[in-house]
Amino acid sequence: MLRLSLALILAAALLCAPALLPAPAWAQEVTAPSPILQMRAEDVAGVMRQERDASDVFGPQFLAEVPPEQFAQIITQVTAQFGDFIGLERIEQTGTYSATIYLRFENAIGSGPLTLDPTPPNKVAGLILSSFAPIDDDLAKVRADLAALPGSVSAYFGLLDRDSPGAVPALAIDPYAPMAVGSTFKLYVLSALARSIASGERSWGDVMPLDRRSFPSGKMHLWPEGSPVTLHTLAMQMVTISDNTATDVLFHMLGREAVEAEMRASGHATPEMMTPMLSTLELFALKGSPGNRRKYLATDEAGKRFILADFEDDVGGNPDEITPPRFSQPTAIDTIEWFASTRDLAGIMARLVALDDPTARQILAVAPVMPPSLVDDWAYVGYKGGSEPGVLNLTWVLQDRNGEWHLLSLSWNDPDAPLDHSKMELIAQRLVRLAP
């Protein structure tokens with residue numbers, strides 16, 4: 001349920017600090033690396049080789065956000081994907097105290113912005129490895145890395161239209177297997193909203209009062225009750241920061257049955273696994289109460305709908321009335337969840353792509369969760385993902401320069417342990433780089 005951050009692949013791939021800002025006025029464009037930038041870049045490499053102390057290289061604000069032990073842990077995650085760290089490849093200076101740094105691993109070159117504090121001793125104030133260019137990578141290696149993950153994995157990377165002539169995917173691993181997808185279910189809410197607007201029933205500028213709340217992710221649960229919010233703002237919050245309160249306001253405005261109808265219209269292969277479809281607060285309530293969860297699972301669909309109606313009468317969108325789950329370990333991810341296969345997700349993305357009104361696609365493109373160097377290779381990149389302990393889904397819809405639509409969707413479930421998200425995030429980046 002926790003939203004993948006806007007800098008998901010960047011932050012998980014390596015690290016970031018709040019001091020990394022657009023170049024200030026004193027940052028002048030230059031053409032050759034300065035001695036201080038070259039020295040600090042080599043110092044970064046020394047820390048990564050465990051030859052230098054991080055406190056000698058990074059500034060205090062950076063270390064407050066990324067302590068040395070966290071730095072070491074993230075480097076371990078990256079080297080697990082791309083092999084041992086080799087050393088500094090080069091730097092390309094972009095300002096008096098800024099550069100793009102290139103670091104070589106056995107199987108990839110990671111690159112991104114490096115920023116120094118302008119005051120002596122000019123320690124590193126910001127560092128993000130925003131892109132990894134694999135060396136001698138291939139789909140067989142990606143497939144092997146996916147197979148090595150604990151739990152269950154499903155993956156699809158290929159044309160969005162499964163019936164298109166020659167639609168042989170670059171990668172397909174159990175693409176029809178239903179998987180828990182967390183907040184990716186919000187694609188069905190977005191599509192139902194867009195269809196309602198396309199029919200003339202509503203418009204993006206319609207205003208709704210914020211009349212119910214859920215738990216984070218998101219921020220709208222902190223907004224004053226009754227705040228007037230447009231449908232466009234609710235949809236934007238739901239997709240870009242996976243706001244659960246925005247989701248539930250839209251879900252209840254549209255009606256559970258309307259969202260379920262959109263799910264069925266998209267060709268979902270196992271709609272019984274998604275009905276009754278839960279709001280985020282309902283899911284939290286059931287996961288947080290083992291007794292209520294047992295009663296819910298023991299009854300049929302009609303009984304479940306009765307329980308949810310009773311829940312609405314008693315709780316009415318007030319999270320203070322329920323006991324939330326701790327969400328430190330996987331909780332009922334095989335029973336109380338939103339389920340879809342990667343091919344099911346292709347179906348709902350296809351409906352969003354087919355809309356005449358581009359607004360929903362524009363919303364999906366606001367936070368593509370992909371390095372700019374990869375986004376720039378495509379005419380369009382839209383994204384929605386979802387996660388909670390034991391659940392991870394990453395789903396992109398991409399349009400190539402020839403106008404063809406593609407889907408990259410990766411799901412990973414493990415009922416026994418939380419997931420290392422960075423592993424899947426880096427695999428996604430490798431897959432996109434391997435696109436023909």
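Here is how the numbers come out for the structure above:
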quantity	calculated
Under-5 Å amide H pairs with Gly112, H placed in peptide plane, nonlocal only	Ile101, Ser130
Qualifying chymotrypsin sites (Phe, Trp or Tyr not before Pro) for the stretch 125-224 [loop in DSSP, other Cβ within 10 Å: at most 16]	Tyr176
Under 21 Å from Lys219, Cα to Cα: lysines that are on another chain or at least 8 residues apart	Lys186, Lys384
For Thr96, residues with placed amide H under 5 Å, excluding near neighbours	Gln28
Cα-based reach from Lys295 at 18 Å (exclusive), listing lysines while leaving out same-chain residues under 8 positions away	Lys287, Lys304
Rough spin-label spacing in nm, given labels placed 7 Å along Cα→Cβ, for Arg90 and Asp356	5.2 nm
Using θ = phi - 60° and Karplus 6.51 cos²θ - 1.76 cosθ + 1.60, couplings along the stretch 209-216 (whole Hz; Gly, Pro as x)	x, 6, 9, 7, 9, 9, 8, x
GNM top mover of Ala180, Ala298, Ala367 - the chain, alpha-carbon springs below 10 Å	Ala298
Protein-only accessible surface order, largest first, of Ser214, Ser373 at 1.4 Å	Ser373, Ser214
Principal axis dimensions, largest first and in whole angstrom, of the stretch 194-244 by Cα	32, 21, 13
Sites Glu257 and Asn292, calculated FRET efficiency, Cβ-Cβ separation with R0 22 Å, nearest 0.05	0.45
Exposure ranking of Asp420, Asp344, Asp53 by accessible area [1.4 Å probe, largest first]	Asp53, Asp420, Asp344
CD proxy at 222 nm, helix term only [per DSSP H run n ≥ 4: -39500 (n - 2.57); per residue of the chain; nearest 500]	-11000 deg cm²/dmol
Sequence-distant residues sharing a close amide H with Met208 (under 5 Å, placed H)	Val229, Thr230, Leu231
Equivalent-ellipsoid semi-axes of the stretch 134-209, from the Cα gyration tensor, Å, largest first	36, 17, 12
Max mean-square fluctuation residue, GNM over the chain, Cα-Cα springs under 10 Å, options Glu260, Glu201, Glu225	Glu201
GluC sites (Glu not before Pro) within the stretch 24-131, DSSP loop, no more than 14 other Cβ atoms inside 10 Å	Glu29, Glu51, Glu106
Karplus 3J(HN,Hα) series, Hz, for the stretch 148-160 with 6.51 cos²θ - 1.76 cosθ + 1.60 (x for Gly, Pro)	7, 6, x, x, 10, 10, 10, 8, 8, 9, x, 4, 5
Where Rh is the Kirkwood radius over Cα pairs, Rg/Rh for the chain	0.99
³J(HN,Hα) computed for each position of the stretch 95-109 - Karplus, 6.51 cos²θ - 1.76 cosθ + 1.60, integer Hz, glycine/proline x	x, 4, 10, 9, 7, 9, 9, 10, 10, 9, 10, 4, 10, 6, 10
Candidates Ala269, Ala45, Ala148, ranked by Gaussian network fluctuation over the chain, Cα under 10 Å, top entry	Ala148
Accessible surface, 1.4 Å probe, highest first, among residues Lys423, Lys186	Lys423, Lys186
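The values are calculated or read from the model by the stated rules, or taken from the named source; none is laboratory data. Keep in mind that this is a model prediction, so the values were computed, not measured. Here the Cβ is made from the backbone with ideal geometry for all residues, glycine too, and neighbour counts use every protein chain on show. Only protein heavy atoms, including side chains, enter the accessible area calculation; ligands, DNA and RNA are left aside. Shrake-Rupley method; radii C 1.70, N 1.55, O 1.52, S 1.80 Å.
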